[in-house]
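Comments concern the structure below.
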Amino acid sequence: MTAHPRPRYRGVFPVVPTTFREDGTLDLESQKRCVDFMIDAGSEGVCILANFSEQFLLADAEREVLTRTILEHVAGRVPVIVTTTHFSTDVCRERSRQAQAMGASMVMVMPPYHGATIRIGEPGIYEFYSRLSDGISIPIMIQDAPVAGTPLSPAFLARMAREIEHVAYFKIETAGAASKLRELIALGGEAIEGPWDGEEAITLLADLDAGATGAMTGGAYPDGIRTITDPYFAGNREQAVEGYARWLPLINYENRQGGIPTAKALMKEGGVIDCDAPRHPFPPMHPAVRTGLLDCARRLDPLVLRWAR
């Protein structure tokens, strides 16, 4: 069996970074420019309030402000996935209902976890997603990420896809992602509407070969990622390989060196946003890492470095 032949959502859906001022307050004007840039650069959709959005530094009221502001500003230009992860089933369900009411196209949710040791077993995880599905009418993307510390086998994920109405998309970020995607698709068939690549596209080519139909990457260079996904989906793998080889140094730099601050560092350099500072206590990017990042990026001439010029 193969993945769903006509997924509702496919392609490049980067994570939108959250923009702050130097004093740590939300900068909503920079936030709007950030989204405009990401759409102009070729994002086929976007995801907000994810880990790369520094969601763990946001108050609940700020999450609501950001969701409303971004969805109103996007105004239907592209689909928006809203991350609504929370340990509490009721809180996650209410967050998801609010996101749907504001216009979200999908919610992305990690399995319930807290800290380094508090985990829930498969029966509880199943009920968590089942109750979430009962509360909304838009697709659910399960985020299978190491940060949750919760093993989710392909068989368990496929079972939830088959049995829980709105569970249809899967962002696979674990080690051996391509093998896991391949097994998930084989076990779940058409119930696996959206098997997606994650982790800033560092395993993108292997994941596409395994059947991935979407990629959730960092937000700074969707124009570069599209040079890989567009030809691949059009049946030209060789051109996709060339695109991957060209952009892999920057993908690698983001994934292995720059991490979460990468998108904002590039956007600040290009004048897209006013400030790239994270919120305390999250550490800012080391100046030497920034220098290496910008050197790597300038060799590729991504739109992010010239969009606002």
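Nothing in this text is a laboratory measurement; each read-out follows from the coordinates by a stated rule. Just so it is clear, the structure is predicted and the values come from calculations on it, not from any experiment. Neighbour counts are summed over all protein chains in view; Cβ atoms, including those assigned to glycine, are modelled from backbone coordinates with ideal geometry.
Remarks
- Region 5-80 and region 222-301 have Cα centres separated by 17 Å.
- Dipole magnitude for region 223-309: about 180 debye, using +1 per Lys or Arg Cβ and -1 per Asp or Glu Cβ, origin at the Cα centre.
- Label-point separation, Asp60 to Glu22 (7 Å along Cα→Cβ), nm: 3.4
- With both labels modelled 7 Å from their Cα along Cα-to-Cβ, the Val91 to His286 distance reads 3.4 nm.
- Other residues with beta-carbon under 13 Å from the beta-carbon of Trp247 carry, at +1 per Lys or Arg and -1 per Asp or Glu, a net charge of -3.
- Projecting label points 7 angstrom from Cα along Cα→Cβ for Arg298 and Ser153 puts them 5.2 nm apart.
- Note on region 47-121: Rg/Rh from C-alpha atoms, Kirkwood Rh, equals 0.98.
- Within region 11-305, percent of DSSP bridges classed antiparallel, to nearest 5: 10
- Per DSSP, loop GluC sites (Glu not before Pro) in region 22-97 with at most 15 further Cβ within 10 Å: Glu22
- Under 22 Å of direct C-alpha separation, and excluding same-chain neighbours fewer than eight residues apart, Lys32 reaches these lysines: Lys264, Lys268.
- Charge dipole magnitude, Cβ of K and R +1, D and E -1 - the chain, Cα centre, debye nearest 20: 160
- Counting only lysines at least 8 places from Lys171 when in the same chain, those with an alpha carbon closer than 17 Å to its own are Lys180.
- Fewest neighbouring Cβ atoms within 10 Å first, the residues Trp307, Trp247, Trp196 line up as Trp307, Trp247, Trp196.
- Ordered by the count of other Cβ atoms within 10 Å of each Cβ, fewest first, Met267, Met285 give Met285, Met267.
- A simple count of charges around Arg306, restricted to other residues whose Cβ falls under 13 Å of its Cβ and scoring Lys, Arg +1 and Asp, Glu -1, yields -2.
- Shape annotation for region 1-135: C-alpha extents along the principal axes are 43, 43, 26 Å, from largest to smallest.
- Values of log10 I(q)/I(0), in the order q = 0.15, 0.16 Å⁻¹, for the chain under a Debye, Cα-only, solvent-free model: -1.21, -1.38
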